[in-house]
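Take a look at the structure set out below.
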Ligand SMILES: [Zn+2]
(Lines give C-alpha, C1' and ligand atoms only; values in the text may rest on other atoms or scores of the structure.)
Protein backbone atom coordinates (compact mmCIF):
# COMPACT_ATOMS: atom_id res chain seq x y z
CA UNK A 1 0.00 0.00 0.00
CA UNK A 2 2.79 2.32 1.03
CA UNK A 3 4.81 1.33 -2.01
CA UNK A 4 1.84 2.04 -4.27
CA UNK A 5 1.43 5.52 -2.80
CA UNK A 6 5.15 6.14 -3.24
CA UNK A 7 5.16 5.09 -6.89
CA UNK A 8 2.05 7.19 -7.46
CA UNK A 9 3.76 10.29 -6.11
CA UNK A 10 6.81 9.59 -8.30
CA UNK A 11 4.48 9.41 -11.31
CA UNK A 12 2.79 12.68 -10.28
CA UNK A 13 6.19 14.30 -9.92
CA UNK A 14 7.31 13.08 -13.32
CA UNK A 15 4.09 14.37 -14.86
CA UNK A 16 4.57 17.70 -13.15
CA UNK A 17 8.15 17.89 -14.42
CA UNK A 18 7.16 17.16 -17.99
CA UNK A 19 4.36 19.74 -17.83
CA UNK A 20 5.56 22.96 -19.48
CA UNK A 21 5.88 25.75 -16.97
CA UNK A 22 4.79 28.54 -19.33
CA UNK A 23 1.92 28.95 -21.77
CA UNK A 24 3.74 31.19 -24.20
CA UNK A 25 7.36 32.06 -24.87
CA UNK A 26 8.34 34.98 -27.10
CA UNK A 27 11.87 34.07 -27.99
CA UNK A 28 14.83 36.15 -29.07
CA UNK A 29 13.15 39.55 -29.48
CA UNK A 30 14.67 42.88 -28.55
CA UNK A 31 12.75 43.84 -25.43
CA UNK A 32 12.15 47.52 -24.73
CA UNK A 33 10.67 47.88 -21.27
CA UNK A 34 11.55 51.39 -20.12
CA UNK A 35 10.02 50.88 -16.67
CA UNK A 36 12.59 48.19 -15.91
CA UNK A 37 15.48 49.70 -17.86
CA UNK A 38 15.50 46.79 -20.33
CA UNK A 39 16.68 47.51 -23.85
CA UNK A 40 18.22 44.28 -25.09
CA UNK A 41 17.51 40.83 -26.49
CA UNK A 42 15.44 38.90 -23.98
CA UNK A 43 12.98 36.03 -23.88
CA UNK A 44 9.56 36.76 -22.43
CA UNK A 45 7.55 33.96 -20.84
CA UNK A 46 3.83 34.18 -20.12
CA UNK A 47 1.81 32.03 -17.76
CA UNK A 48 -1.93 32.45 -17.83
CA UNK A 49 -2.64 36.16 -18.00
CA UNK A 50 0.68 37.25 -16.46
CA UNK A 51 4.26 37.93 -17.50
CA UNK A 52 6.10 35.08 -15.76
CA UNK A 53 9.72 35.75 -16.64
CA UNK A 54 11.89 38.06 -18.71
CA UNK A 55 15.40 36.63 -19.06
CA UNK A 56 18.33 36.17 -21.42
CA UNK A 57 17.61 32.53 -22.27
CA UNK A 58 14.48 30.70 -21.21
CA UNK A 59 14.49 27.05 -22.36
CA UNK A 60 11.83 26.55 -25.05
CA UNK A 61 11.04 23.11 -23.62
CA UNK A 62 9.42 24.93 -20.70
CA UNK A 63 6.67 26.50 -22.81
CA UNK A 64 3.54 25.14 -24.49
CA UNK A 65 3.88 27.57 -27.39
CA UNK A 66 7.11 29.12 -28.57
CA UNK A 67 7.10 32.05 -30.98
CA UNK A 68 10.36 33.09 -32.58
CA UNK A 69 10.40 36.88 -32.58
CA UNK A 70 14.10 37.38 -33.33
CA UNK A 71 14.56 40.57 -35.33
CA UNK A 72 11.48 42.16 -33.77
CA UNK A 73 10.96 44.46 -30.82
CA UNK A 74 8.92 43.25 -27.88
CA UNK A 75 7.31 46.08 -25.91
CA UNK A 76 4.52 46.52 -23.38
CA UNK A 77 1.12 46.77 -25.08
CA UNK A 78 0.52 50.39 -26.02
CA UNK A 79 -1.81 52.57 -23.98
CA UNK A 80 -3.69 54.90 -26.29
CA UNK A 81 -4.67 57.83 -24.12
CA UNK A 82 -6.95 59.37 -26.72
CA UNK A 83 -9.25 56.80 -28.34
CA UNK A 84 -12.90 56.89 -29.45
CA UNK A 85 -15.00 53.82 -28.79
CA UNK A 86 -18.39 55.33 -27.96
CA UNK A 87 -20.62 58.37 -28.09
CA UNK A 88 -19.44 60.17 -31.19
CA UNK A 89 -20.63 58.88 -34.55
CA UNK A 90 -16.93 58.70 -35.48
CA UNK A 91 -16.22 56.03 -32.84
CA UNK A 92 -14.52 52.83 -33.97
CA UNK A 93 -14.33 49.28 -32.62
CA UNK A 94 -11.15 49.05 -30.58
CA UNK A 95 -10.89 45.31 -31.15
CA UNK A 96 -10.72 46.00 -34.88
CA UNK A 97 -8.40 48.99 -34.74
CA UNK A 98 -6.41 48.91 -31.48
CA UNK A 99 -5.33 45.28 -31.27
CA UNK A 100 -3.83 45.09 -34.80
CA UNK A 101 -1.78 48.18 -33.97
CA UNK A 102 -0.35 46.96 -30.66
CA UNK A 103 -2.74 48.94 -28.46
CA UNK A 104 -4.00 46.78 -25.60
CA UNK A 105 -5.46 49.60 -23.50
CA UNK A 106 -7.57 52.31 -25.10
CA UNK A 107 -8.76 55.25 -23.07
CA UNK A 108 -12.01 56.53 -24.53
CA UNK A 109 -11.68 60.29 -24.60
CA UNK A 110 -15.03 61.76 -23.64
CA UNK A 111 -17.49 59.65 -25.62
CA UNK A 112 -19.68 59.14 -22.59
CA UNK A 113 -20.80 61.48 -19.84
CA UNK A 114 -22.13 60.52 -16.43
CA UNK A 115 -25.60 59.95 -17.88
CA UNK A 116 -24.48 57.59 -20.65
CA UNK A 117 -21.58 55.78 -18.98
CA UNK A 118 -23.66 52.74 -17.94
CA UNK A 119 -24.76 52.23 -21.54
CA UNK A 120 -21.15 52.52 -22.71
CA UNK A 121 -20.11 49.94 -20.15
CA UNK A 122 -22.88 47.49 -20.99
CA UNK A 123 -22.73 47.77 -24.76
CA UNK A 124 -19.00 48.21 -25.38
CA UNK A 125 -16.59 48.01 -22.45
CA UNK A 126 -17.87 44.74 -20.99
CA UNK A 127 -17.56 42.96 -24.36
CA UNK A 128 -14.27 44.38 -25.51
CA UNK A 129 -11.09 42.29 -25.72
CA UNK A 130 -9.13 45.54 -25.69
CA UNK A 131 -9.03 47.00 -22.18
CA UNK A 132 -11.13 50.14 -22.34
CA UNK A 133 -10.71 52.87 -19.75
CA UNK A 134 -12.59 56.14 -19.77
CA UNK A 135 -12.19 59.87 -19.59
CA UNK A 136 -15.74 60.86 -18.72
CA UNK A 137 -17.03 63.88 -20.59
CA UNK A 138 -18.01 66.77 -18.35
CA UNK A 139 -21.10 66.94 -20.57
CA UNK A 140 -23.62 64.49 -19.07
CA UNK A 141 -24.79 63.39 -22.51
CA UNK A 142 -21.23 62.83 -23.74
CA UNK A 143 -19.71 63.71 -27.09
CA UNK A 144 -22.89 63.80 -29.12
CA UNK A 145 -22.53 66.99 -31.14
CA UNK A 146 -21.92 70.68 -30.73
CA UNK A 147 -25.32 71.59 -29.26
CA UNK A 148 -24.82 69.08 -26.44
CA UNK A 149 -21.16 70.01 -25.95
CA UNK A 150 -22.09 73.68 -25.57
CA UNK A 151 -24.80 72.96 -23.04
CA UNK A 152 -23.33 74.23 -19.78
CA UNK A 153 -26.47 73.19 -17.89
CA UNK A 154 -25.52 69.56 -18.58
CA UNK A 155 -22.02 69.96 -17.09
CA UNK A 156 -22.43 68.78 -13.55
CA UNK A 157 -19.15 68.37 -11.61
CA UNK A 158 -20.84 66.63 -8.66
CA UNK A 159 -22.68 64.01 -10.74
CA UNK A 160 -19.55 63.49 -12.85
CA UNK A 161 -17.34 62.97 -9.78
CA UNK A 162 -19.91 60.63 -8.25
CA UNK A 163 -19.89 58.41 -11.35
CA UNK A 164 -16.08 58.35 -11.34
CA UNK A 165 -16.03 57.25 -7.70
CA UNK A 166 -18.54 54.54 -8.53
CA UNK A 167 -16.20 53.05 -11.17
CA UNK A 168 -12.65 53.87 -10.06
CA UNK A 169 -11.15 50.97 -11.99
CA UNK A 170 -12.70 52.09 -15.28
CA UNK A 171 -12.98 55.87 -15.20
CA UNK A 172 -9.58 57.54 -14.98
CA UNK A 173 -10.37 61.21 -15.56
CA UNK A 174 -12.48 63.87 -17.25
CA UNK A 175 -12.62 65.21 -20.79
CA UNK A 176 -13.75 68.57 -22.03
CA UNK A 177 -13.59 69.51 -25.71
CA UNK A 178 -15.22 71.37 -28.57
CA UNK A 179 -16.79 74.00 -26.31
CA UNK A 180 -18.07 76.60 -28.74
CA UNK A 181 -19.07 79.40 -26.38
CA UNK A 182 -16.77 82.11 -25.08
CA UNK A 183 -15.06 81.78 -21.74
CA UNK A 184 -13.91 79.07 -19.39
CA UNK A 185 -17.09 77.69 -17.87
CA UNK A 186 -16.82 74.20 -19.38
CA UNK A 187 -13.16 73.95 -18.44
CA UNK A 188 -13.75 75.18 -14.89
CA UNK A 189 -16.50 72.62 -14.39
CA UNK A 190 -14.26 69.84 -15.73
CA UNK A 191 -11.46 70.87 -13.36
CA UNK A 192 -13.93 71.05 -10.49
CA UNK A 193 -15.06 67.47 -11.26
CA UNK A 194 -11.37 66.54 -11.29
CA UNK A 195 -10.86 68.12 -7.90
CA UNK A 196 -13.88 66.34 -6.44
CA UNK A 197 -12.86 62.95 -7.82
CA UNK A 198 -9.10 63.40 -7.50
CA UNK A 199 -8.57 62.56 -11.17
CA UNK A 200 -6.91 64.46 -14.03
CA UNK A 201 -8.69 66.34 -16.80
CA UNK A 202 -7.80 66.20 -20.46
CA UNK A 203 -8.64 69.23 -22.59
CA UNK A 204 -8.38 69.87 -26.28
CA UNK A 205 -6.26 72.61 -27.74
CA UNK A 206 -9.19 74.67 -28.81
CA UNK A 207 -10.26 73.42 -32.17
CA UNK A 208 -12.70 76.33 -32.38
CA UNK A 209 -11.47 79.89 -32.75
CA UNK A 210 -12.57 83.24 -31.30
CA UNK A 211 -13.69 81.82 -28.00
CA UNK A 212 -11.82 84.28 -25.81
CA UNK A 213 -9.61 81.60 -24.43
CA UNK A 214 -5.85 81.57 -24.66
CA UNK A 215 -3.66 78.51 -24.33
CA UNK A 216 -1.29 80.39 -22.00
CA UNK A 217 -4.03 81.14 -19.52
CA UNK A 218 -5.31 77.59 -19.65
CA UNK A 219 -1.88 76.04 -19.15
CA UNK A 220 -0.62 78.35 -16.44
CA UNK A 221 -3.69 79.39 -14.51
CA UNK A 222 -6.42 76.80 -14.91
CA UNK A 223 -4.93 73.37 -15.41
CA UNK A 224 -3.46 71.60 -12.40
CA UNK A 225 -0.23 69.58 -12.38
CA UNK A 226 -1.09 66.21 -13.94
CA UNK A 227 -3.85 67.64 -16.13
CA UNK A 228 -3.44 67.06 -19.84
CA UNK A 229 -3.52 69.24 -22.90
CA UNK A 230 -4.27 67.07 -25.95
CA UNK A 231 -4.01 67.92 -29.68
CA UNK A 232 -1.17 70.30 -28.90
CA UNK A 233 0.46 69.91 -32.33
CA UNK A 234 -2.73 71.43 -33.71
CA UNK A 235 -1.73 75.06 -33.45
CA UNK A 236 -4.03 76.86 -35.83
CA UNK A 237 -4.37 79.66 -33.29
CA UNK A 238 -0.58 80.07 -33.23
CA UNK A 239 -0.37 79.96 -29.46
CA UNK A 240 2.15 77.14 -29.15
CA UNK A 241 4.75 78.35 -31.66
CA UNK A 242 5.53 82.06 -32.06
CA UNK A 243 4.48 83.06 -35.55
CA UNK A 244 7.42 85.43 -36.10
CA UNK A 245 10.34 83.62 -34.50
CA UNK A 246 9.20 80.02 -34.90
CA UNK A 247 10.09 79.44 -31.25
CA UNK A 248 8.04 77.36 -28.86
CA UNK A 249 6.28 79.84 -26.60
CA UNK A 250 7.81 80.22 -23.12
CA UNK A 251 4.52 79.32 -21.42
CA UNK A 252 4.71 75.85 -22.96
CA UNK A 253 7.98 75.19 -21.09
CA UNK A 254 6.61 76.87 -17.98
CA UNK A 255 3.50 74.69 -18.08
CA UNK A 256 5.59 71.55 -18.51
CA UNK A 257 7.68 72.61 -15.54
CA UNK A 258 4.58 72.96 -13.39
CA UNK A 259 3.45 69.45 -14.33
CA UNK A 260 0.91 69.99 -17.10
CA UNK A 261 1.17 67.09 -19.55
CA UNK A 262 1.08 67.36 -23.35
CA UNK A 263 -0.65 64.61 -25.29
CA UNK A 264 -0.31 64.07 -29.02
CA UNK A 265 -3.94 63.21 -29.95
CA UNK A 266 -3.12 63.02 -33.67
CA UNK A 267 -6.63 62.57 -35.08
CA UNK A 268 -7.81 64.08 -38.33
CA UNK A 269 -6.80 67.65 -37.53
CA UNK A 270 -4.20 67.73 -34.81
CA UNK A 271 -0.82 66.80 -36.20
CA UNK A 272 0.77 69.46 -38.37
CA UNK A 273 4.31 69.01 -39.64
CA UNK A 274 5.33 72.69 -39.24
CA UNK A 275 4.24 72.68 -35.59
CA UNK A 276 5.50 69.23 -34.65
CA UNK A 277 8.86 69.65 -36.35
CA UNK A 278 9.56 73.02 -34.72
CA UNK A 279 8.50 71.73 -31.32
CA UNK A 280 10.60 68.58 -31.65
CA UNK A 281 13.65 70.57 -32.81
CA UNK A 282 13.35 72.72 -29.70
CA UNK A 283 12.97 69.84 -27.29
CA UNK A 284 9.22 69.78 -26.92
CA UNK A 285 8.03 66.23 -27.61
CA UNK A 286 4.62 64.97 -26.46
CA UNK A 287 4.63 63.47 -22.95
CA UNK A 288 2.19 60.88 -24.23
CA UNK A 289 1.70 59.58 -27.76
CA UNK A 290 -1.94 58.96 -28.59
CA UNK A 291 -3.94 58.49 -31.74
CA UNK A 292 -7.37 60.15 -31.54
CA UNK A 293 -8.16 57.42 -34.05
CA UNK A 294 -11.67 57.63 -35.44
CA UNK A 295 -13.54 57.14 -38.68
CA UNK A 296 -12.05 60.28 -40.20
CA UNK A 297 -8.45 59.85 -39.08
CA UNK A 298 -8.09 56.11 -39.60
CA UNK A 299 -7.65 56.27 -43.37
CA UNK A 300 -6.69 59.89 -44.14
CA UNK A 301 -3.76 60.78 -41.95
CA UNK A 302 -3.46 57.19 -40.69
CA UNK A 303 -3.28 58.15 -37.06
CA UNK A 304 -2.79 54.66 -35.63
CA UNK A 305 -0.17 54.15 -32.93
CA UNK A 306 2.67 52.66 -35.04
CA UNK A 307 2.21 55.51 -37.52
CA UNK A 308 2.20 58.15 -34.77
CA UNK A 309 5.45 56.63 -33.51
CA UNK A 310 6.93 56.45 -37.02
CA UNK A 311 6.12 60.14 -37.57
CA UNK A 312 7.82 61.16 -34.34
CA UNK A 313 10.83 59.00 -35.21
CA UNK A 314 11.02 60.88 -38.51
CA UNK A 315 11.36 64.02 -36.37
CA UNK A 316 14.20 62.52 -34.35
CA UNK A 317 12.60 60.56 -31.52
CA UNK A 318 14.16 57.17 -30.79
CA UNK A 319 11.96 54.07 -30.72
CA UNK A 320 12.97 53.58 -27.07
CA UNK A 321 11.73 57.05 -26.19
CA UNK A 322 8.55 56.58 -28.20
CA UNK A 323 7.81 53.33 -26.39
CA UNK A 324 8.18 55.08 -23.03
CA UNK A 325 5.79 57.80 -24.18
CA UNK A 326 3.19 55.27 -25.29
CA UNK A 327 3.42 52.84 -22.36
CA UNK A 328 4.91 54.04 -19.07
CA UNK A 329 4.00 57.70 -19.47
CA UNK A 330 0.29 57.24 -20.26
CA UNK A 331 0.05 54.62 -17.50
CA UNK A 332 1.44 57.18 -15.05
CA UNK A 333 -0.77 59.96 -16.41
CA UNK A 334 -3.90 57.97 -15.54
CA UNK A 335 -2.61 56.57 -12.25
CA UNK A 336 -2.30 53.01 -13.59
CA UNK A 337 1.46 52.54 -13.30
CA UNK A 338 2.95 50.01 -12.60
CA UNK A 339 -0.17 47.89 -13.07
CA UNK A 340 -0.05 48.88 -16.75
CA UNK A 341 2.73 50.02 -19.04
CA UNK A 342 5.45 47.51 -18.24
CA UNK A 343 6.57 43.95 -18.93
CA UNK A 344 7.56 43.48 -15.30
CA UNK A 345 7.31 39.95 -13.96
CA UNK A 346 3.90 39.36 -12.44
CA UNK A 347 2.25 42.14 -14.45
CA UNK A 348 -0.58 41.55 -16.91
CA UNK A 349 0.61 40.00 -20.17
CA UNK A 350 -0.25 42.79 -22.60
CA UNK A 351 2.48 42.79 -25.24
CA UNK A 352 3.12 44.24 -28.68
CA UNK A 353 5.70 42.83 -31.10
CA UNK A 354 6.94 45.40 -33.57
CA UNK A 355 8.98 45.33 -36.72
CA UNK A 356 10.88 48.17 -38.33
CA UNK A 357 10.53 48.35 -42.09
CA UNK A 358 13.10 50.36 -43.99
CA UNK A 359 12.50 51.97 -47.36
CA UNK A 360 10.88 55.21 -48.43
CA UNK A 361 7.51 55.98 -46.89
CA UNK A 362 5.15 58.94 -47.18
CA UNK A 363 3.66 60.19 -43.91
CA UNK A 364 0.75 62.61 -44.11
CA UNK A 365 -0.22 65.24 -41.59
CA UNK A 366 -3.67 66.65 -40.93
CA UNK A 367 -3.38 69.08 -43.83
CA UNK A 368 -2.37 66.26 -46.16
CA UNK A 369 1.21 67.48 -46.38
CA UNK A 370 3.64 64.65 -46.90
CA UNK A 371 7.04 64.03 -45.43
CA UNK A 372 9.15 61.12 -46.56
CA UNK A 373 10.65 58.83 -43.95
CA UNK A 374 13.07 55.92 -44.09
CA UNK A 375 11.64 53.86 -41.27
CA UNK A 376 8.16 52.60 -40.52
CA UNK A 377 7.06 50.78 -37.41
CA UNK A 378 4.55 47.96 -37.80
CA UNK A 379 2.85 45.72 -35.28
CA UNK A 380 3.11 42.03 -36.15
CA UNK A 381 1.82 40.37 -32.98
CA UNK A 382 -0.34 41.47 -30.06
CA UNK A 383 -0.88 39.61 -26.80
CA UNK A 384 -3.73 40.74 -24.58
CA UNK A 385 -4.16 39.22 -21.16
CA UNK A 386 -1.86 36.35 -22.18
CA UNK A 387 -3.75 35.51 -25.39
CA UNK A 388 -2.49 36.08 -28.90
CA UNK A 389 -5.12 38.34 -30.43
CA UNK A 390 -3.24 39.58 -33.50
CA UNK A 391 -0.72 37.68 -35.58
CA UNK A 392 -0.25 39.47 -38.87
CA UNK A 393 2.10 37.00 -40.48
CA UNK A 394 1.00 33.79 -38.81
CA UNK A 395 4.25 33.42 -36.87
CA UNK A 396 2.57 31.93 -33.81
CA UNK A 397 0.44 29.44 -35.70
CA UNK A 398 2.26 28.60 -38.93
CA UNK A 399 -0.14 25.72 -39.60
CA UNK A 400 -3.51 27.17 -40.67
CA UNK A 401 -5.31 24.16 -39.18
CA UNK A 402 -4.39 25.52 -35.76
CA UNK A 403 -6.17 28.77 -36.45
CA UNK A 404 -8.92 27.80 -34.04
CA UNK A 405 -6.33 28.12 -31.30
CA UNK A 406 -6.41 31.89 -31.54
CA UNK A 407 -7.63 33.54 -28.41
CA UNK A 408 -10.01 35.84 -30.22
CA UNK A 409 -13.71 35.03 -30.28
CA UNK A 410 -14.47 33.05 -33.47
ZN1 LIG B 1 -10.75 63.03 -29.91
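Can you list the strands (runs of 3 or more DSSP E) found entirely within the range 73-118 that contain at least 1 residues being out of contact with any helix residue (DSSP H, G or I) (no Cβ under 6 Å at 6 or more places or on another chain) and within 16 Å of the ligand (Cβ to nearest atom)?
78-83, 103-113
For the range 191-212, give me each residue that is in a loop (DSSP other than H, G, I, E, B) and crowded, with 21+ Cβ neighbours inside 10 Å. Let's see the steps before the verdict.
Going residue by residue through the range 191-212, those that are in a loop (DSSP other than H, G, I, E, B) are 198-200, 205-212.
Hits for the range 191-212 are 199, 200, 205, 206.
Please specify each residue of the range 315-328 satisfying the condition of being touching a helix residue (DSSP H, G or I) at 6+ places or on another chain (Cβ under 9 Å) and part of a loop (DSSP other than H, G, I, E, B).
The initial filter retains those residues of the range 315-328 that are touching a helix residue (DSSP H, G or I) at 6+ places or on another chain (Cβ under 9 Å), namely 315-317, 319-328.
Answer for the range 315-328, where residues must be touching a helix residue (DSSP H, G or I) at 6+ places or on another chain (Cβ under 9 Å) and part of a loop (DSSP other than H, G, I, E, B): 315, 316, 317, 327.
Out of the range 196-217, which residues are in contact (Cβ under 8 Å) with a residue 12 or more places away in the chain and under 25 Å from the mean Cα position of the chain (by Cα)?
197, 199, 200, 201, 202, 203, 204, 205, 206, 207, 215, listed by residue number.
Can you confirm whether the range 226-233 contains a residue that is touching a strand residue (DSSP E or B) at 6+ places or on another chain (Cβ under 6 Å), within 16 Å of the ligand (Cβ to nearest atom) and either farther than 26 Å from residue 331 by Cβ or assigned to a loop (DSSP other than H, G, I, E, B) (or both)?
Within the range 226-233, the subset touching a strand residue (DSSP E or B) at 6+ places or on another chain (Cβ under 6 Å) is 227-233.
From what is left, the residues that are within 16 Å of the ligand (Cβ to nearest atom) are 228-233.
Next cut, either farther than 26 Å from residue 331 by Cβ or assigned to a loop (DSSP other than H, G, I, E, B) (or both) only: 231-232.
Yes, there is a match, as at least one residue in the range 226-233 is touching a strand residue (DSSP E or B) at 6+ places or on another chain (Cβ under 6 Å), within 16 Å of the ligand (Cβ to nearest atom) and either farther than 26 Å from residue 331 by Cβ or assigned to a loop (DSSP other than H, G, I, E, B) (or both).
Being under 19 Å from the mean Cα position of the chain (by Cα), part of a loop (DSSP other than H, G, I, E, B) and surrounded by fewer than 23 Cβ atoms within 10 Å (Cβ to Cβ): is that true of residue 129 here?
On the way: under 19 Å from the mean Cα position of the chain (by Cα): yes; part of a loop (DSSP other than H, G, I, E, B): yes; surrounded by fewer than 23 Cβ atoms within 10 Å (Cβ to Cβ): yes.
The answer is yes for residue 129.
Quick check on the range 271-280. Is at least one of its residues in a loop (DSSP other than H, G, I, E, B) and surrounded by 24 or more Cβ atoms within 10 Å (Cβ to Cβ)? Spell out how you get there, then give the answer.
Of the range 271-280, the ones in a loop (DSSP other than H, G, I, E, B) are 272.
Subset that is surrounded by 24 or more Cβ atoms within 10 Å (Cβ to Cβ): none.
Scanning the range 271-280 turns up no residue that is in a loop (DSSP other than H, G, I, E, B) and surrounded by 24 or more Cβ atoms within 10 Å (Cβ to Cβ).
Have a look at 312, 340, 381 and point out the one that is at pLDDT 95 or above, surrounded by 18 or more Cβ atoms within 10 Å (Cβ to Cβ) and in a strand (DSSP E or B).
Values: 312 fails: in a strand (DSSP E or B); 340 fails: in a strand (DSSP E or B).
Exactly one of 312, 340, 381 is at pLDDT 95 or above, surrounded by 18 or more Cβ atoms within 10 Å (Cβ to Cβ) and in a strand (DSSP E or B), namely 381.
Return the residues of the range 273-296 that are within 16 Å of the ligand (Cβ to nearest atom), modelled with pLDDT of 95 or more and within 19 Å of residue 260 (Cβ to Cβ); say none if nothing qualifies. Even if it seems obvious, please write down each step before you answer.
Here is the first cut: in the range 273-296, the residues within 16 Å of the ligand (Cβ to nearest atom) are 286, 288-296.
So of that shortlist, the ones also modelled with pLDDT of 95 or more come out as 286, 288-291.
286, 288, 289, 290, listed by residue number.
Quick one: residue 179 ticks every box in (1) in contact (Cβ under 8 Å) with a residue 24 or more places away in the chain; (2) under 18 Å from residue 228 (Cα atoms); (3) more than 16 Å from the ligand (Cβ to nearest atom) bar one, so which box is it?
It fails just one condition, (3).
Quick check, is residue 262 under 20 Å from residue 334 (Cβ atoms), crowded, with 22+ Cβ neighbours inside 10 Å, within 16 Å of the ligand (Cβ to nearest atom) and at pLDDT 95 or above? Before the answer, list the steps.
Details: under 20 Å from residue 334 (Cβ atoms): yes; crowded, with 22+ Cβ neighbours inside 10 Å: yes; within 16 Å of the ligand (Cβ to nearest atom): yes; at pLDDT 95 or above: yes.
Yes.
If we scan the range 218-229, do we find a residue that is closer than 17 Å to residue 81 by Cα and touching a residue at least 60 places away in the same chain (Cβ under 8 Å)?
Yes - at least one qualifying residue is present in the range 218-229.
Which pairs have Cβ atoms under 6 Å, sit 6 or more apart or on different chains, and link a residue in the range 107-119 that is closer than 13 Å to residue 140 by Cβ to one that is within 16 Å of the ligand (Cβ to nearest atom) and part of a helix (DSSP H, G or I)?
The qualifying pairs are 112/120.
Just checking, how many residues over the range 310-335 are under 23 Å from residue 173 (Cβ atoms) and touching a strand residue (DSSP E or B) at 6+ places or on another chain (Cβ under 7 Å)?
Qualifying residue count for the region: 10.
Please determine, by comparing only the residues of the range 313-327 that are under 16 Å from the mean Cα position of the chain (by Cα) and within 16 Å of residue 379 (Cα to Cα), which one is nearest to the ligand (Cβ to nearest atom).
Step one: of the range 313-327, the residues under 16 Å from the mean Cα position of the chain (by Cα) are 319-327.
Those left that are additionally within 16 Å of residue 379 (Cα to Cα): 319-320, 322-323, 326-327.
On the way: 319: 25, 320: 27, 322: 20, 323: 23, 326: 17, 327: 20 Å.
Checking each candidate, the answer is 326.
The values are calculated or read from the model by the stated rules, or taken from the named source; none is laboratory data. Computed from a prediction, not measured in an experiment: that's the story for all the values here. Glycine also receives a Cβ, built like all others from the backbone with ideal geometry; neighbour counts cover every protein chain displayed.
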